[in-house]
Amino acid sequence: MRLALLLLIATGVGLEAQVSGRVVNALTGEGVGRASLNLTKADEPEGRPVARTNSDASGAFAFENVLPGEYILVADKPGYARPQSGNVETNPSLSRVKVKLHEREAVRGITIKLAQAASLTGVVLDAQGEPARDAMVFLWRTSETELSDTDLAAEPAHANEKGEFRFHSLPEGEYLLAAVIEEDRNLTHEADSLFKTRIYRSVLTYFPGTFDRRQATKIHLAAGSEGGGLTLTLKRVPLFHLSGQFLQSVDHKQDQSNLVASLTRQEKNTIQPLGELSTYAVTYLNRHDKSFHFEDLLPGDYTLHILAGRDPVQRVIGMQDVTIDEADVEISIAAFAPRFVSGRVRWEQHGTALEGNQYLPKSLGLRLLNGYQATRSADVVARVAEDGTFQFEGVAPAEYLILINQPPKGTKLQKVLKNGIQVDQHLLDLREGGDLELVFSPTPEEEAMKQ
């Protein structure tokens with residue numbers, strides 16, 4: 001008897017909860033029949049539903065025998081706006097609700113609203129005014145704080161032979177529309193002068209015809225509306241060359257063999273190619289005169305790094321921001337002087353300093369990582385000594401994220417101080433060096449264990 005009871009508790013039998021409610025039209029309040037409803041674990045919102053059902057003719061639905069826990073309840077039906085994905089708190093939707101169920105609880109009266117779907121149609125033209133066949137068309141919700149592949153309001157559409165495209169099942173809201181031609185056929189050669197031609201390239205263009213997202217026209221779609229008649233004309237920009245020479249420093253202590261020039265596009269740049277194309281380029285420096293050359297670059301802002309050594313122990317020994325605008329660019333870049341950044345690790349509890357290094361492990365590693373290093377595996381590391389001090393050597397003047405290799409057990413990084421002022425751990429400005437303090441605090445679990 002006792003064994004059977006333990007099995008029932010382990011499997012959740014007898015602890016099940018119930019969920020019921022109604023699916024209604026968001027505009028009229030009328031019930032929506034034959035809507036599909038999925039119940040998914042809250043910590044796995046994109047995972048396989050644990051239960052499915054359909055609403056009846058009046059819009060009513062019910063889930064029986066659901067184990068206790070937190071769930072996401074989603075309703076969907078053709079002709080209505082598709083549910084939005086992602087975190088339900090940060091990306092709420094009328095057709096998605098979060099439900100918390102306790103043992104043997106019956107949650108009733110949940111109302112899920114479905115909004116009539118909107119659609120958007122139009123045509124994409126190339127720079128010559130001809131239909132942009134097979135152009136990729138993108139649509140973003142303007143409520144998103146950043147525009148990336150994960151923030152798309154719908155899957156990218158491909159324009160047909162007439163340049164036409166269509167998006168459907170869209171929720172009410174404001175959108176940004178953009179398009180670009182596939183890479184293998186968007187390059188053209190045009191006369192730049194009497195004796196020289198320059199390559200022009202189609203770039204990601206926002207409606208109605210600008211590569212600057214800030215100048216794009218927002219498109220408002222009401223529930224159930226059909227936005228049509230849009231014409232998006234693609235922009236072309238010239239491609240430029242960047243060449244230069246690295247001025248090697250004889251007293252620079254870093255290894256200056258195997259010199260590499262790496263060019264990275266800055267995020268603030270508004271001209272975007274398709275996908276990851278032209279986001280960075282790498283070339284070896286000429287062994288004799290330390291010169292370098294990059295071709296076919298989009299206009300915009302870049303950061304040029306000079307690296308020495310071989311992967312994965314390359315070091316940045318020179319860095320310079322470069323703007324490419326209306327002409328080819330030629331520059332000289334000098335090696336920066338060796339830079340040291342020192343600091344110490346200490347502990348606080350509720351704002352009060354803790355004496356000693358009782359939390360300090362035998363081996364605590366620190367790492368400085370910037371956006372360039374995330375793609376090229378170059379990093380700057382330091383070891384924390386027994387007295388809690390550390391020192392980074394050969395630090396390039398840049399902004400960094402500081403990473404902790406295996407944080408001390410039972411602690412968390414509370415704050416980072418530079419020259420006594422608290423700074424952002426994820427945007428640590430070391431262009432002028434500075435003294436660092438990493439302040440750790442015991443975790444709530446650690447405090448509870450010591451009480």
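Structural remarks
- Residue order, fewest to most beta carbons within 10 Å, for 418, 409, 218: 409, 218, 418
- Extended-chain gain in nm, criterion 0.36 nm per residue less alpha-carbon gap, residue 160 and residue 70: 28.0 nm
- Computed FRET value (nearest 0.05) for residue 293 with residue 248, which takes r as the C-beta separation and R₀ as 25 Å: 0.90
- Calculated FRET efficiency for the pair residue 213/residue 337, C-beta based, R₀ 45 Å, to 0.05: 0.70
- Above-threshold pairs, the threshold being 29 Å between Cα atoms, out of 113/235; 77/98; 77/218: 113/235
- A simple spin-label model places pseudo-atoms 7 Å from Cα toward Cβ; at residue 57 and residue 222 they are separated by 3.2 nm.
- Footprinting exposure proxy for 296, 212 (fewest neighbouring C-beta atoms within 10 Å first): 212, 296
- The residue 111 and residue 168 beta-carbon pair, evaluated with R₀ = 25 Å, returns a calculated FRET efficiency of approximately 0.50.
- Within-12-Å neighbourhood charge of residue 81 [Cβ basis; K, R +1; D, E -1]: +3
- Projected label points at residue 199 and residue 422, each 7 Å from Cα along the beta carbon direction, are separated by 5.0 nanometres.
- Neighbourhood net charge (9 Å Cβ-Cβ; Lys/Arg +1, Asp/Glu -1) for residue 203: +3
- Couplings 3J(HN,Hα) of region 226-232, computed from phi: 10, x, x, x, 7, 10, 10 Hz, in residue order, whole Hz [Karplus 6.51 cos²θ - 1.76 cosθ + 1.60, θ = phi - 60°; x for Gly and Pro].
- Annotation: extensible slack from residue 130 through residue 435 equals 103.9 nm (criterion: 0.36 nm per residue apart, minus Cα-Cα distance).
Each reported figure results from applying straightforward, stated rules to the coordinates on display, with no laboratory input. The structure presented is a predicted model; accordingly, all values stated were derived computationally and were not measured. In this analysis, Cβ positions are derived from the backbone assuming ideal geometry, glycine residues included, and neighbour counts consider all displayed protein chains.
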